[in-house]
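The values are calculated or read from the model by the stated rules, or taken from the named source; none is laboratory data. Predicted model, so just to flag it, every value in this text is computed and none were measured. Virtual Cβ from ideal backbone geometry, glycine too; neighbours counted across all protein chains shown. These area figures cover heavy atoms from the full protein model, side chains too; ligands, DNA and RNA do not enter into them. Shrake-Rupley method; radii C 1.70, N 1.55, O 1.52, S 1.80 Å.
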Amino acid sequence: MYVLVYLLLCAAVAYMGRERKLGFWGYLFASMLFTPLIGVVLLLASDKKVAVAG
């Protein structure tokens, strides 16, 4: 049960980070490797992706 909650929290952080520099997969792996709380801190400290005009 705890593992499922942990993975859902990691997935939620990754979903929120999909428009950031590390992207979905980067935040998912960071949250799983450290904790979802550290993932949120990384998310808040990162910049948004820069759109390339073309």
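The table below lists the values:
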| quantity | calculated |
| --- | --- |
| Out of 53, 30, 45, 14, sole residue that is small (Gly, Ala, Ser) and at pLDDT below 90 | 53 |
| Only one of 6, 15, 27 that is open to solvent by 100 Å² or more (accessible area, probe 1.4 Å), in a helix (DSSP H, G or I) and of a type in the set (Ser, Thr, Tyr) | 15 |
| In the stretch 37-48, the residues that are open to solvent by 20 Å² or more (accessible area, probe 1.4 Å) and in a helix (DSSP H, G or I) | 37, 38, 40, 41, 42, 44, 45 |
| Residue pairs meeting the criteria (Cβ under 8 Å; at least 6 apart or on separate chains; first closer than 15 Å to residue 7 by Cβ and touching a residue at least 12 places away in the same chain (Cβ under 8 Å), in the stretch 25-44; second open to solvent by less than 80 Å² (accessible area, probe 1.4 Å) and among the basic types (Lys, Arg)) | 27/20 |
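A quick yes/no check of all residues on (1) more than 9 Å from the chain's Cα centre (by Cα); (2) of a type in the set (A, V, I, L, M):
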position	(1), (2)
5	yes, yes
19	yes, no
24	no, no
30	no, yes
34	yes, no
46	yes, no
